[in-house]
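What follows is one structure encoded as structure tokens, with my remarks underneath.
The values are calculated or read from the model by the stated rules, or taken from the named source; none is laboratory data. Note that this is a predicted model, so its numbers are computed, not measured. Here the Cβ is made from the backbone with ideal geometry for all residues, glycine too, and neighbour counts use every protein chain on show.
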Amino acid sequence: MKKDIQNRADISVLVHQFYDQIRADEEIGPYFNELISDWDSHLEKLTDFWETNLFGIRKYKGNPIAVHNKVDKHFQGKITPYEFGIWLNYWFQTLDSLYEGENTTILKNRARRMGGNIYLNMFRNRSVSV
């Protein structure tokens, strides 16, 4: 039986293993690898984000919507729901390989909603930016 996500250390393991897979993926890896040069700092920020998201600890300072809109603009609006689906599948697979329980389910549901919201905002932003 696997344990549930209990603390920052668990989230860090999740984030690192998840992004190892993302970075190696032929389809979506380039979206990340082209723009992120300091992976250590980025993974720390993402650990802050998910720790804030799950436990309400206010470490994350940033605006994911604005960041993703900039990424989408950089790639000229080529990011589609397909890429978000790949991202989400890796998220679920990584969670399932490491953990189980209520917090694990919460992070699955929040990632699903977040991915949809970020993509919709990027799509809306495209029509404003054009």
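Taking only region 39-69 into account, find how many residues are hydroxyl-bearing (Ser, Thr, Tyr) and modelled with pLDDT under 95.
So the answer is 1.
Can you work out which of the residues in region 26-76 that are over 21 Å from Lys108 (Cβ atoms) and of a type in the set (Phe, Trp, Tyr) is surrounded by the most Cβ atoms within 10 Å (Cβ to Cβ)?
The residue in question is Tyr31.
Determine if region 42-53 includes at least one residue that is more than 26 Å from Arg126 (Cβ to Cβ) and touching a His at 6+ places or on another chain (Cβ under 9 Å).
Within region 42-53 (the criterion being more than 26 Å from Arg126 (Cβ to Cβ) and touching a His at 6+ places or on another chain (Cβ under 9 Å)), the answer is yes, since at least one residue qualifies.
From the list Ile86, Ile79, which one is β-branched (Val, Ile, Thr), within 30 Å of Met1 (Cα to Cα) and surrounded by 13 or more Cβ atoms within 10 Å (Cβ to Cβ)?
Matching residue, one of Ile86, Ile79: Ile86.
Is there any pair with a first residue in region 104-124 that is over 21 Å from Gly56 (Cβ atoms) and a second that is β-branched (Val, Ile, Thr) and part of a helix (DSSP H, G or I) whose Cβ atoms are under 8 Å apart and which are 6 or more apart or on different chains, and what are they?
From region 104-124, the pairs are Asn121/Ile65.
Could you please give the count of residues in region 24-54 that are free of Cβ contacts under 8 Å to residues at least 24 places away in the same chain and not in a loop (DSSP other than H, G, I, E, B)?
Final tally of qualifying residues: 14.
Enumerate the pairs (first residue in region 68-82 and within 10 Å of Phe123 (Cα to Cα); second residue anywhere and β-branched (Val, Ile, Thr)) with beta-carbon separation below 7 Å, excluding pairs fewer than 6 apart on the same chain, so at least 6 apart or on different chains.
Cβ pairs passing all conditions: Asp72/Ile79.
Tell me which residues, restricted to region 73-130, are over 23 Å from Arg23 (Cα atoms), of a type outside the set (D, E, K, R), part of a loop (DSSP other than H, G, I, E, B) and touching a Lys or Arg at 6+ places or on another chain (Cβ under 8 Å).
Selection gives Gly101 alone.
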